[in-house]
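Reviewing the structure listed below.
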Amino acid sequence: MRTWLDQLRTRLDAARQPGPFFFRDDDAGWDDEGLFSLLHIFVEHGVPLDLAVIPKAISAELASRIRKLLEIESGLISIHQHGYAHVNQEVEGRKCEFGPSRSRSKQLSDIKAGNRLLTDQFGAMVAPVFTPPWNRCTSITGECLVQSGFEVLSRDATAPPLNIPGLVELPVSIDWLKRWHGVRLDINEIGNALAVAASGSFPVGVMLHHAAMNEADRERLKELLTLLASHRQAQCRLMTSVISELRMKSSECRSSLSAYHENSIQSVA
Ligand SMILES: [Zn+2]
């Protein structure tokens, strides 16, 4: 019997080396019960999940529940900043909290205020990652993030890289709730998109929104996590682990390249 995961399974079976996957769930602070339903699924499957938390939306009670979970599942669950209040600040054009109409000082002030709110609740458990609401921001946002101590920016894979020194970008490539002309992709289209993403050379990032997911979404997600958790060629990681591994690989690559150059120089000499 054919299933929506067949293409992804075939890609993974054929992969020469394990590929990294990560899951980013946005809008923690909204729909707490939906959030904990999703968290439960990830913990149950032993698959890591990065929560993008809206600083202004998080209640003391929710913070306390998440803190308890982080203490038990620190290797599986991570939290980071999702904008500030998740409010559209643009008068026209696409929705954006950190968009072209915001001055540098306003952006910096919101980023720092959001960071303070999260640090007050979670201390050092907050990862130095920033996901802008609607996956949109400007290069000024990127500069403000570096200035505020952030190391990673996560948007959509279609966003042109900002190329800001000191800021690594780790985009998501799959939007579980993507709509095309107002209609949600069906599950086979998501399966196809996962298979395509898994055949590339970049980490496969899946974006979720617990507040908009229904029971059928959660059932399909369990099927995906069951496959990824058991397949030898899939490595599910927290976003900061994906970045650490990429950094390690690029430094290994650089050191083997410099060893190659040194050998070449010696052999020329
Ligand atoms: Zn959001």
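Is it fair to say L145 is of a type outside the set (D, E, K, R) and within 16 Å of the ligand (Cβ to nearest atom)?
Working: of a type outside the set (D, E, K, R): yes; within 16 Å of the ligand (Cβ to nearest atom): no.
Considered against the rule, which asks whether it is of a type outside the set (D, E, K, R) and within 16 Å of the ligand (Cβ to nearest atom), L145 comes out as no.
Just one of L35, L8, L12, L70 is among the aliphatic types (A, V, I, L, M), farther than 29 Å from N192 by Cα and open to solvent by less than 20 Å² (accessible area, probe 1.4 Å); which is it?
Selected residue: L70, the only one of L35, L8, L12, L70 that is among the aliphatic types (A, V, I, L, M), farther than 29 Å from N192 by Cα and open to solvent by less than 20 Å² (accessible area, probe 1.4 Å).
Could you figure out which of (1) away from the ligand (no atom under 16 Å from the Cβ); (2) modelled with pLDDT under 95 isn't true of D217?
(2)
Across the range 43-67, what is the total count of residues that are of a type outside the set (D, E), buried (at least 17 other Cβ atoms within 10 Å of the Cβ) and closer than 16 Å to W30 by Cα?
Total satisfying the criteria: 10.
Condition (residue is at pLDDT below 95 and part of a loop (DSSP other than H, G, I, E, B)) applied to the range 188-200: is it met by at least one residue?
Checked the range 188-200: at least one residue is at pLDDT below 95 and part of a loop (DSSP other than H, G, I, E, B).
So which residues in the range 203-235 are open to solvent by 20 Å² or more (accessible area, probe 1.4 Å) and in contact with a Ser or Thr (Cβ under 7 Å, 6 or more places away or on another chain)?
The one that is open to solvent by 20 Å² or more (accessible area, probe 1.4 Å) and in contact with a Ser or Thr (Cβ under 7 Å, 6 or more places away or on another chain): R218.
Listed residues R9, R24; which is within 20 Å of F202 (Cβ to Cβ), touching a helix residue (DSSP H, G or I) at 6+ places or on another chain (Cβ under 9 Å) and within 14 Å of the ligand (Cβ to nearest atom)?
On the way: R9 fails: within 14 Å of the ligand (Cβ to nearest atom).
Residue meeting the stated conditions: R24.
Under 17 Å from S154 (Cβ atoms) and open to solvent by 30 Å² or more (accessible area, probe 1.4 Å) - does that describe any residue in the range 106-120?
Within the range 106-120 (the criterion being under 17 Å from S154 (Cβ atoms) and open to solvent by 30 Å² or more (accessible area, probe 1.4 Å)), the answer is yes, since at least one residue qualifies.
Could you pull out the residue among R184, R136, R179 that is within 16 Å of the ligand (Cβ to nearest atom), basic (K, R), free of Cβ contacts under 8 Å to residues at least 12 places away in the same chain and open to solvent by 30 Å² or more (accessible area, probe 1.4 Å)?
After applying the criteria, what remains is R179.
Report every pair of residues separated by at least 6 positions or lying on different chains whose Cβ atoms are under 6 Å apart, first residue within the range 39-53 and over 12 Å from T226 (Cα atoms) and within 16 Å of the ligand (Cβ to nearest atom), second aliphatic (A, V, I, L, M) and assigned to a helix (DSSP H, G or I).
Final answer for the pair search is D50/M239.
Taking the range 221-254, which residues are of a type outside the set (A, V, I, L, M), touching a Phe, Trp or Tyr at 6+ places or on another chain (Cβ under 9 Å) and not in a helix (DSSP H, G or I)?
Q235, C236, R237
Of the residues in the range 73-89, how many are surrounded by 15 or more Cβ atoms within 10 Å (Cβ to Cβ), within 16 Å of the ligand (Cβ to nearest atom) and either more than 30 Å from R237 (Cβ to Cβ) or among the charged types (D, E, K, R) (or both)?
Residues flagged as surrounded by 15 or more Cβ atoms within 10 Å (Cβ to Cβ), within 16 Å of the ligand (Cβ to nearest atom) and either more than 30 Å from R237 (Cβ to Cβ) or among the charged types (D, E, K, R) (or both) within the range 73-89 amount to 1.
The values are calculated or read from the model by the stated rules, or taken from the named source; none is laboratory data. Predicted model, so just to flag it, every value in this text is computed and none were measured. Cβ atoms come from the backbone with ideal geometry, glycine included; neighbour counts cover every protein chain shown. The protein model used for the area step is the full one, side chains on, heavy atoms only, and it has no ligands, DNA or RNA in it. Shrake-Rupley method; radii C 1.70, N 1.55, O 1.52, S 1.80 Å.
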